[in-house]
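The values are calculated or read from the model by the stated rules, or taken from the named source; none is laboratory data. As the structure is a prediction and not an experimental result, all values here were calculated from the model. Here the Cβ positions follow ideal geometry from the backbone for every residue, glycine too, while neighbour counts run over all protein chains shown. Just so you know, the surface numbers come from the protein's heavy atoms only, side chains and all, with ligands and any DNA or RNA stripped out. Shrake-Rupley method; radii C 1.70, N 1.55, O 1.52, S 1.80 Å.
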Amino acid sequence: MEQYEKERNKQIEEAVIETYKQEEEMMILVFAQWCVNHGLDPEEMYRQAYPEQLSNERLQQVLKLVVSKEEAGDIPDDTVLGVLSMFGNEDLAMVVSEAIAARK
């Protein structure tokens, strides 16, 4: 019985991690698509927020899913700021906020 519980707990833990990764990927996609929709370079925005990181592999992967501004739906500023904050990307949210302020 104890082995079954350990295995079950491990499966639950793996499922939680996988769900988090999928949600994080969606957050990155929302950010990247928002950038494209506003004529901004997602990689440059990321570098401004995290200059100590050379590149972000997950961002590189997600950029393949980004569509042109014409094909994409509108992503409200509040939405991108909300998802960035939800995942603790405060530095990136600050860079996005600055871009929003500069646009207005």
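Given (i) 1.07; (ii) 0.95; (iii) 1.11, which label gives Rg/Rh (Cα atoms, Kirkwood Rh) as computed from the coordinates?
Answer label, from the structure shown: (iii).
So for the chain, averaging the separation of alpha carbon pairs under 8 Å that are six or more residues apart and normalising by length, what relative contact order in percent results? Walk me through the numbers before you get to the answer.
On the way: 71 pairs, mean separation 32.9, N = 104.
After rounding, I find 32 percent.
How tilted is helix 90-103 with respect to the longest principal axis of the chain? Cα atoms for both, answer in degrees (0 to 90, nearest 10).
Tilt of helix 90-103: around 20 degrees.
In deg cm²/dmol and to the nearest 500, what is the mean residue ellipticity at 222 nm of the chain if only DSSP H runs of at least 4 residues count, each as -39500 (n - 2.57), divided by the residue total?
Numbers: 5 runs with 75 residues, N = 104.
The helix-only estimate for the chain comes to -23500 deg cm²/dmol at 222 nm.
Send over a whole-number figure in Å² for the accessible area per residue of the chain, probe 1.4 Å. Before the final figure, lay out each step's value.
Working: 7150 Å² over 104 residues.
Heavy-atom SASA per residue in the chain reads 69 Å².
What does the net charge come to around Gln61 if you take all other residues with beta carbon closer than 14 Å to its beta carbon, with K and R at +1 and D and E at -1?
Values: positive: Lys21, Arg58, Lys64; negative: Glu24, Glu25, Glu43, Glu57.
Charge balance near Gln61 sits at -1.
Applying a 10 Å radius around every beta-carbon, put 92-101, 62-71 in order of their mean neighbour count, most first. Walk me through the numbers on the way to the answer.
Values: 92-101: 16.7, 62-71: 12.2.
Descending mean neighbour count gives 92-101, 62-71.
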